Structures are given as structure tokens and as C-alpha cells.
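Heads up, the thing below is written out as C-alpha cells.
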Amino acid sequence: MTISFETFKPLPALNIQSLVSRFKILGGQWGDQANDIVNEPLAADNAAFANVAEKERPKDATFAKTPPKALKVFTSEELQTLRAELLMLFHDAEEYVFEDGMESDFSRKLLAWLEEAHADMVMNQIILLVEDDSIAPEVLAETLRWLGQMADGRVYAHRRWLLEHCLHHPSVCVRDGAILGLSFLEDPRIIPALERALSQEPLATLRSDIEQVLEDLREILP
Amino acid sequence: MPLILRTLRKNKFVHELQPAWILQDEIQADALKDLETTDNDLSVWLIEEDLSNLDRVLAALAANRDQLANIDFALISLDVITELGLLFQATPGVTADREVSLLHRDLIRLTANRLAALAQAIKRYARLERRSKAQVRSLLLDSIAAGHIDPSSLKEGIASKLT
């Protein structure tokens, strides 16, 4: 391939803050721990809602009862295999027709991956695939819905971070999926992230959708 | 004049959310995925003009699902459907609410052309709305309290999230 001045495109600017925050998520006591101190992007929001009743924070309660497990060190080959298998899952899903509230082979397989013992590594790979723009927008939007819909507290901090991050994704479809995924969390601590997204969202329809989620969340505040 | 309700993902039909190359009077092809036909029929629901049965229908449709989630839908006047020359057939639906099941209709003998015309009409004339997960929970609880829906008929993904 010949690169001329006409075809050369500089690499997109690296979002250092996003990378830094991602690595900090990995720094909990164990892989899937929601650690408010280490996970700085969420820490301020968490502190703002420190007085939210315990029953409104079921995901953290689940974390607290989760015993630490032995950390597995992935070899580079294992990581490459994991990435390739996830890529295949997302690629195959491009053929699906998704329907709100209905499971699909894709959602079942995705949730099965996230129920694995090393779900944190799976989430890290998903985050990297999102950063690489390797997931089709409609499939990513569906993924975000299910990351919000997951019933237990597994990899909650990772999921919440990715959902909040995708509120600013260039794809309209992905932003819609992020809004819905966050709404499924029903966690008042996401209010600041939604308010930031509301102030930056250029499309009236999505602003209206964000406002609805904010209204629902404010109703469950004590 | 009654209205027709079709569940779909509303943002596929909102013009400002479609790719920039879509012309004002056109609709993206992906929107047709949400109008999937079976034997050339499309499932819709009859809604009173005053919307008095809308919440009950939405609750019944939500009760049929695997998970408690938002429900997006289009409401379009029966006039528009008639003007498009689309044919109706009353066929019993399958919901947890027997009365709602009677409101099921099929738009029948659809061709690709008619389906595209319907999609355009939805984009142009329909009210596109969303009920959030929290709102759907309220609708379901109301229908259960009114005795319209038997809670034991709900799937685990919904029943476990109602409280």
C-alpha cells in the first residue's frame, strides 16, 4: 500500500483521560469489586449519593458479600483468544433483529460470558473493542441495554463506566442504547453523568429521553 | 377514529436520529426490521381515540416479554392506515390480559411496497413514544392490582423486578 498525502490520515487523538480511568477501574482489591476510591471517575458521583438508602444500592450490597477470588493472570494468547471470540459474538449479532425486553441468542451468550469467573477480563476486552470501534453501532447499543439489564452486581463498576462513557459516543444509536442501559440500572448515582450528557446532547429526542430517565431516578431518591 | 399501536424502536423512525444522508421524506431501511411480517401480516393493536385503553394494552404487551424494560411504540390514526389501502383482520392476540388480546389486529396481504409506505407514514404521521422501565413497572403493577394480569403468568425477568 502506498501512502500519499492524499490518503494519509493521522491517528485520532488519544483520549488519555478515558484510558487512565479505565486502568484505574482495574485497581480494586479484586477484579470485579466496585471500588469507589480507586475508580475516580465514579467516586465523585458516589460521594454525592453516599446517603442513598442501602436498599437503593443493591449492586454494592452484592459486591460486599462477594468473597475475593484468586486473580488469574491471562497470557497474551488467552487474551487474544478471548478478544477473537468476543469479536465473533458481536460480528454474528449483526444479523439479528433485536426487540426491547426480549432475550436473543446474542443476549444469552453475552450474559453467559459475563457470568464467567473472570468477567472483569471480558468487560475489559469489550471496553477495548468499543474503543477500537470494532462493534457495529446497533450491536453495541444492544450490548449496552443488556449491560444495564444484568440482574446481579457482577462487574458493576465496569458496566456503569462503559454505559456512562457511551453517553458521548458519536453514534446516535449507541447513545440511545447507553441511555436505556443506564435507565435499567435504576441507580441514582448516575444522575450527574446523565446531567452532563443532557447539557452536551445536541439532539432534542435524546435529550428528552435523558430527561425521562432523570425524572425516574429522582423519584427513587430518599 | 381509533388508533393503531405498533411496538418498535422509536428512534429508528425519528428523522433527526437517522443518518444525515436520509432525505426528509425518506426513511432508513433499518426501520423495516421493526415491521417484521409473518406470512405477509403485521401485528398491531387497536387503541381507543381517547387513549383510555392505552396503558392497559401497554401493560399486557410488557407482560409478554422476557425482561422488564422500556416499551417504544407508534400510534397512528386508522384514517392513515385506510388511506394507504391496507387491509385489517381481527385475529386474537396472545397476552396475559384476555380483553387486550381481543384488540389484536393483523395488517394483512402486505407487500414490500405497502410496508415501506407504512414505515413512511409512521415516520410522518405517528406519535412515537417511549415508556421507561419505571413507567412500565407502574403500568404492570396497576394492571395486576386491577386483576387484568395474573402475576403468576409473568416471566422471572419481569416478576423479580416488580418490587
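The values are calculated or read from the model by the stated rules, or taken from the named source; none is laboratory data. Not measured: the values here are computed from a predicted model. Note that we place each Cβ from the backbone using ideal geometry, even for glycine, and neighbour counts take in every protein chain shown. SASA here: full protein model, heavy atoms, side chains in, ligands and nucleic acids out. Shrake-Rupley method; radii C 1.70, N 1.55, O 1.52, S 1.80 Å.
Only one entry of B:ASP50, B:ASP66 meets the criterion of being modelled with pLDDT of 95 or more and within 17 Å of A:VAL97 (Cβ to Cβ), and that entry is B:ASP66. Here is the figure for the stretch A:81-107: residues that are within 14 Å of chain B (Cβ to nearest Cβ) and either among the aliphatic types (A, V, I, L, M) or part of a helix (DSSP H, G or I) (or both) total 8.
When B:GLY147 is tested against (1) open to solvent by less than 20 Å² (accessible area, probe 1.4 Å); (2) in a loop (DSSP other than H, G, I, E, B); (3) away from every other protein chain (no Cβ under 14 Å), exactly one condition is not met: (1). The lone criterion from (1) farther than 30 Å from B:SER160 by Cα; (2) touching a residue at least 60 places away in the same chain (Cβ under 8 Å) left unmet by B:ALA69 is number (1).
Across the stretch A:198-217, which residue is farthest from A:PHE184 (Cα to Cα) among those that are within 11 Å of chain B (Cβ to nearest Cβ) and open to solvent by 90 Å² or more (accessible area, probe 1.4 Å)? Among those residues, the one meeting the criterion is A:PRO202. In the set (1) open to solvent by less than 50 Å² (accessible area, probe 1.4 Å); (2) within 12 Å of chain B (Cβ to nearest Cβ), the condition left unmet by A:LEU110 is number (2). Any chance the stretch A:184-195 includes a residue that's more than 11 Å from chain B (Cβ to nearest Cβ) and free of Cβ contacts under 8 Å to residues at least 24 places away in the same chain? Scanning the stretch A:184-195, I find at least one residue that is more than 11 Å from chain B (Cβ to nearest Cβ) and free of Cβ contacts under 8 Å to residues at least 24 places away in the same chain, so the answer is yes.
Would you say B:LEU115 is assigned to a loop (DSSP other than H, G, I, E, B), hydrophobic (A, V, I, L, M, F, W, C) and closer than 16 Å to B:VAL80 by Cβ? It is false that B:LEU115 is assigned to a loop (DSSP other than H, G, I, E, B), hydrophobic (A, V, I, L, M, F, W, C) and closer than 16 Å to B:VAL80 by Cβ.
Restricted to the stretch B:8-34, and to residues there that are in contact with a Leu (Cβ under 6 Å, 6 or more places away or on another chain) and closer than 17 Å to B:ILE81 by Cβ, the residue that is surrounded by the most Cβ atoms within 10 Å (Cβ to Cβ) is B:PHE13. Can we say A:HIS165 is more than 14 Å from chain B (Cβ to nearest Cβ) and either acidic (Asp, Glu) or open to solvent by 20 Å² or more (accessible area, probe 1.4 Å) (or both)? When the stated conditions are applied, A:HIS165 passes them.
Beta carbons closer than 8 Å, at least 6 apart along the sequence or on distinct chains, pair a first residue in the stretch A:138-155 that is within 11 Å of chain B (Cβ to nearest Cβ) with a second that is open to solvent by 20 Å² or more (accessible area, probe 1.4 Å) and part of a loop (DSSP other than H, G, I, E, B) for A:ALA141/A:SER171; A:GLU142/A:TYR96; A:GLN149/B:GLN67; A:ALA151/B:SER160.
Does B:LEU51 satisfy being of a type outside the set (Val, Ile, Thr), open to solvent by 20 Å² or more (accessible area, probe 1.4 Å) and within 23 Å of A:LEU180 (Cα to Cα)? Against the criterion (of a type outside the set (Val, Ile, Thr), open to solvent by 20 Å² or more (accessible area, probe 1.4 Å) and within 23 Å of A:LEU180 (Cα to Cα)), B:LEU51 does not qualify. Look at A:ASP176 and say whether it is acidic (Asp, Glu), within 14 Å of chain B (Cβ to nearest Cβ), in contact (Cβ under 8 Å) with a residue 24 or more places away in the chain and open to solvent by less than 50 Å² (accessible area, probe 1.4 Å). It is true that A:ASP176 is acidic (Asp, Glu), within 14 Å of chain B (Cβ to nearest Cβ), in contact (Cβ under 8 Å) with a residue 24 or more places away in the chain and open to solvent by less than 50 Å² (accessible area, probe 1.4 Å). Of everything in the stretch B:123-145 that is among the small types (Gly, Ala, Ser) and without any contact (Cβ under 8 Å) to a residue 60 or more places away in the chain, the residue that is nearest to A:ILE179 (Cα to Cα) is B:ALA134. In the stretch A:125-144, how many residues are in a helix (DSSP H, G or I) and open to solvent by 20 Å² or more (accessible area, probe 1.4 Å)? Adding up the residues that qualify gives 4. Here is a check on your reading of the model: is B:GLN89 within 14 Å of chain A (Cβ to nearest Cβ) and in contact (Cβ under 8 Å) with a residue 24 or more places away in the chain? So B:GLN89 does not fit the description; no.
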